[in-house]
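The values are calculated or read from the model by the stated rules, or taken from the named source; none is laboratory data. Given the structure is predicted, the values throughout are model-derived calculations rather than measurements. Cβ atoms come from the backbone with ideal geometry, glycine included; neighbour counts cover every protein chain shown.
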Amino acid sequence: MRENPPRKLVTTTRELTTPSTMSFLRHEARHSKTDASLFVFHRGSDIAYLLLYVDDIVLTASSTALLQRIITVLHGEFAMTDLGSLNYFLGISAQRSSSGLFLSQSKFAEEILERAHMQHCNPCRTPVDTESKLGSDGDPVSDPTLYRSLAGALQYLTFTRPDISYAVQQVCLYMHDPRAPHFTALKRILRYVCGTLTFGQQAYTQLCSKYVL
């Protein structure tokens, strides 16, 4: 797919998750069993992937011919605008290079820090304190809604930041009754994020020809 960067399209008429739309997509493509938003098109040796969310579409294909065919079919069904190569989708930026796509949520991470009033905090080198273990002890936090909001936002951030997945999973265990030590642990994650805003996920275009077990 090196010659066909993902495209972003948007419909101007209606949501794409209506029963009639889903029926049309299922007829044209195979619906993923693991992701309700993902459709897979097969045409001979060519393959394409279509990801939809409300009225946004991300589309990529192994050949230009298949890519244009699908876009033409979609235009025949919906009033759509082709926004060109993908660069931003659901808070995730996509920067293309010769090696593939670099996915980043740095802007979203900055918004989380601003929400927590920690955009100017002192960064730390790790997202979790390995010397202590979280439990159910401690005083209740004064604003549990803020705790849950920040924890939920960090959960979404892990999409491109797997390095914080474990730490975020730990603080999310206590969203029902957050205590002071839990908020301290959450703030440590935010301090780590503050110092690693440029981190993200690299998606490579080159496919491996061998599987290593």
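Yes/no per residue for (1) over 23 Å from residue 159 (Cα atoms); (2) modelled with pLDDT under 85; (3) within 23 Å of the chain's Cα centre (by Cα):
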{"site": "24", "(1), (2), (3)": "yes, yes, no"}
{"site": "33", "(1), (2), (3)": "no, yes, yes"}
{"site": "73", "(1), (2), (3)": "yes, yes, no"}
{"site": "81", "(1), (2), (3)": "yes, yes, yes"}
{"site": "92", "(1), (2), (3)": "no, no, yes"}
{"site": "98", "(1), (2), (3)": "no, yes, yes"}
{"site": "106", "(1), (2), (3)": "no, no, yes"}
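Residue 205 fulfils the conditions (1) β-branched (Val, Ile, Thr); (2) surrounded by 13 or more Cβ atoms within 10 Å (Cβ to Cβ); (3) within 17 Å of residue 110 (Cα to Cα) except for a single criterion, (3). Checking each residue in region 140-160 for being of a type outside the set (Phe, Trp, Tyr), surrounded by 16 or more Cβ atoms within 10 Å (Cβ to Cβ) and in contact with a strand residue (DSSP E or B) (Cβ under 8 Å, 6 or more places away or on another chain) picks out 141, 160. Residues of region 93-111 being of a type outside the set (D, E, K, R) and part of a strand (DSSP E or B), which ones? Across region 93-111, the qualifying residues are 93, 94, 95, 97, 100, 101, 102, 103, 104. Look at (1) part of a loop (DSSP other than H, G, I, E, B); (2) at pLDDT 80 or above and you find that residue 5 fails only one, number (2).
Could you grab me the full set of residues in region 57-92 that are aromatic (Phe, Trp, Tyr) and either out of contact with any helix residue (DSSP H, G or I) (no Cβ under 9 Å at 6 or more places or on another chain) or in a strand (DSSP E or B) (or both)?
Of everything in region 57-92, those that are aromatic (Phe, Trp, Tyr) and either out of contact with any helix residue (DSSP H, G or I) (no Cβ under 9 Å at 6 or more places or on another chain) or in a strand (DSSP E or B) (or both) turn out to be 88, 89.
Scanning region 152-169 for residues that are in a helix (DSSP H, G or I) and of a type outside the set (S, T, N, Q) yields 152, 153, 154, 156, 157, 162, 163, 164, 166, 167, 168.
Using the structure shown, decide if residue 137 is surrounded by fewer than 17 Cβ atoms within 10 Å (Cβ to Cβ), closer than 26 Å to residue 179 by Cα and touching a strand residue (DSSP E or B) at 6+ places or on another chain (Cβ under 8 Å). Yes.
Does residue 114 fit the bill of being assigned to a helix (DSSP H, G or I) and free of Cβ contacts under 8 Å to residues at least 60 places away in the same chain? Walk me through it before giving the result.
On the way: assigned to a helix (DSSP H, G or I): yes; free of Cβ contacts under 8 Å to residues at least 60 places away in the same chain: yes.
Yes: the conditions hold for residue 114.
Residue-wise test of (1) in contact with a His (Cβ under 8 Å, 6 or more places away or on another chain); (2) assigned to a helix (DSSP H, G or I).
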| position | (1), (2) |
| --- | --- |
| 131 | no, no |
| 134 | yes, no |
| 150 | no, yes |
| 171 | yes, yes |
| 185 | no, yes |
